[in-house]
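The values are calculated or read from the model by the stated rules, or taken from the named source; none is laboratory data. For clarity, every value in this text was computed on a predicted model and none was experimentally measured. So basically every Cβ, Gly included, is an ideal-geometry build from the backbone, and we count neighbours across all protein chains shown. These area figures cover heavy atoms from the full protein model, side chains too; ligands, DNA and RNA do not enter into them. Shrake-Rupley method; radii C 1.70, N 1.55, O 1.52, S 1.80 Å.
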Amino acid sequence: MALTVGLRPLTRALLRPWARVPGAALGRPAAGSGDGVRCFGSPRVLVEPDPAAVGVAVMKMRNPPVNSLSLEFLTELLISLEKLENDKTFRGIIITSDCPGIFSAGLDLLEMYGRDPAHCAEYWKAVQELWLRVYLSNLVVIGAINGISPAGGCLLSLSCDYRVLANNPKYAIGLNETLLGIIAPFWFKDVLVNTIGHRAAERALQLGFLFPPSDALQVGIVDQVVPEDQVQSTARSVMAQWLAIPDHARQLTKNLVRKPTADRLLQQRDADIQNFVRFISRDSIQKSLHVYLEKLKQKKG
Ligand SMILES: CCCCCCC/C=C/C(=O)SCCNC(=O)CCNC(=O)[C@H](O)C(C)(C)COP(=O)(O)OP(=O)(O)OC[C@H]1O[C@@H](n2cnc3c(N)ncnc32)[C@H](O)[C@@H]1OP(=O)(O)O
């Protein structure tokens with residue numbers, strides 16, 4: 001599904017610097033990607049065809065230290081997703097992390113703290129776009145969740161068709177925004193309700209639950225919990241099961257199920273952006289973000 005992406009100028013501007021990175025240009029083997037393995041991506045996103053599964057790409061998030069969803073990272077993810085959607089040799093994507101112990105720390109707090117309204121609007125448009133592109137993708141998208149996955153990281157996971165989580169008690173997953181003194185927007189809430197049901201979502205959202213793997217499985221926020229060294233192989237075998245379904249029938253069904261939720265945002269994207277800018281710009285919210293960022297720093301001792 002072609003989505004209006006108002007990032008063209010930004011994309012060009014952001015891509016220009018790394019286009020000079022040897023081998024990192026889209027379509028050529030990236031430096032260090034191994035001989036002959038045709039992969040593409042960018043400094044923060046490596047996309048490799050799965051050598052063991054025809055038509056499957058593995059998209060590795062590598063924005064150290066915590067795969068926080070910065071504007072640049074979002075843009076690179078969007079470009080890689082668009083390229084995969086347009087490359088008819090691919091039918092499925094496994095999204096995983098190259099940052100040890102972390103799937104994604106969620107939205108980059110520094111994109112929302114101390115920023116002017118114009119930047120916040122541009123950032124939020126990119127957040128919307130990433131969700132829409134993953135949630136409505138014609139490809140089979142499987143989350144191989146090999147690390148902690150709070151807030152925006154949880155949203156990315158929930159937007160996949162299927163979620164495999166490593167059985168490590170540190171790898172909690174959930175929409176924990178209230179713990180930061182902020183809230184999840186309605187479309188984050190909608191996806192959680194669709195996944196775990198209204199009452200469980202209501203409780204989890206209000207309390208900012210981060211579910212450890214056993215609880216995540218029980219509540220249904222993930223579909224499978226496996227030993228850490230089996231996450232990728234499990235994602236691959238689930239992918240094979242999903243790709244056994246004729247693409248057109250599966251894509252129409254996915255759209256039938258998901259479009260009403262996506263339409264709620266699509267019909268009010270600008271209003272949602274303005275609402276975000278107003279909310280995040282409040283002194284009280286900026287103070288909450290400041291306190292939370294300080295806590296993260298103090299945690300390091
Ligand atoms: C109408 C609605 C309006 C509002 C909508 C807002 C929706 C928001 C969605 C979000 O996603 S908000 C972000 C939520 N994320 C979190 O709560 C996770 C915060 N991070 C952590 O808990 C930990 O960092 C970690 C992920 C568990 C990893 O811990 P670890 O000990 O391995 O690393 P740290 O030393 O904590 O972090 C390293 C480094 O990274 C910085 N950092 C961590 N998370 C973020 C982040 N989300 N954004 C920006 N930066 C982050 C952290 O401060 C450290 O920085 P340095 O001190 O090294 O500079």
Problem - Alpha-carbon centroid distance for the pair the stretch 68-111 / the stretch 198-212, whole angstrom - result: 25
Practice task
Using the charge dipole of the chain (Lys, Arg: +1 at Cβ; Asp, Glu: -1 at Cβ; taken about the Cα centre), state which of MET112, LEU243, LEU130 has its Cα farthest towards the positive end.
Solution key: MET112
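May I ask you to compute the full-extension gain from SER284 to GLU122, defined as 0.36 nm times their residue separation minus their alpha-carbon distance, rounded to one decimal in nm?
Values: separation 162, 0.36 × 162 = 58.32 nm, distance 2.16 nm.
Gain on stretching SER284 to GLU122: 56.2 nm.
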Practice task
Just order 279-291, 126-138 by mean Cβ neighbour count inside 10 Å, highest at the front, would you?
Solution key: 126-138, 279-291
Practice task
With only Lys, Arg, Asp and Glu charged, each at its Cβ (+1 for the first two, -1 for the last two), find how big the charge dipole of the chain is about the Cα centre; round to the nearest 20 debye.
Solution key: 280
Exercise for the section: Straight distance only, please: which lysines reach the Cα of LYS125 with their own Cα at less than 24 Å, same-chain residues fewer than 8 apart left out? Expected result: LYS60, LYS83, LYS189, LYS254, LYS259, LYS287
Handout entry: Total formal charge among the other residues, if their Cβ is under 10 angstrom from that of PRO43, Lys/Arg +1 and Asp/Glu -1
Key = 0
Fill in the blank from the handout: Rounded to whole Å², per residue accessible area for the stretch 158-301 with a 1.4 Å probe reads 54
Exercise for the section: In nm, give the distance between the simple-model label positions of ASN138 and TYR292, each being 7 Å from the Cα along the Cα-to-Cβ direction. Expected result: 3.7
Handout entry: Unit charges on C-beta of K, R, D, E only; dipole of the stretch 222-291, Debye
Key = 300
Exercise for the section: Give the residue from PHE186, GLY143, ALA204 lying farthest towards the positive end of the charge dipole for the chain; charges sit on Cβ (+1 for Lys and Arg, -1 for Asp and Glu) and the dipole is referred to the Cα centre. Expected result: PHE186
Handout entry: Calculated from backbone phi, Karplus (6.51, -1.76, 1.60) coupling profile of the stretch 96-104 in Hz, x at Gly/Pro
Key = 8, 10, 9, 9, x, x, 10, 6, 7
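Computing the accessible area with a 1.4 Å probe over protein heavy atoms, can you report the carbon and sulfur percentage for the chain?
Working: 7770 of 13680 Å².
Using a 1.4 Å probe with all protein chains present, the chain comes out at 57 percent carbon and sulfur.
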Handout entry: Net length gained if the chain between THR89 and SER233 were fully extended (0.36 nm per residue, minus Cα distance)
Key = 49.7 nm
Practice task
With a point put 7 Å past each Cα toward its Cβ, work out how far ASP247 is from ARG203 in nm, to one decimal.
Solution key: 4.2
Completion exercise
Per-residue ellipticity at 222 nm attributable to helices in the chain (runs of n ≥ 4 DSSP H, -39500 (n - 2.57) apiece, nearest 500 deg cm²/dmol) works out to -15000 deg cm²/dmol
Exercise for the section: Return the whole-Å distance between the Cα centroid of the stretch 119-136 and the Cα centroid of the stretch 264-301. Expected result: 15
Exercise for the section: Give the long-range amide H neighbours of VAL58: residues separated by 5 or more places, or on another chain, with amide H under 5 Å away, using H modelled in the peptide plane at 1.01 Å from N. Expected result: GLU48, ASP50, ILE94
Handout entry: Residue-level accessible surface for LEU179, protein heavy atoms, 1.4 Å, Å²
Key = 90
Completion exercise
Quick calc: nm separation of the 7 Å Cα→Cβ label points for VAL257 and THR178 -> 2.7
Problem - Point-charge dipole on Cβ atoms (K/R +1, D/E -1) for the stretch 146-301, about Cα centre, debye to 20 - result: 300
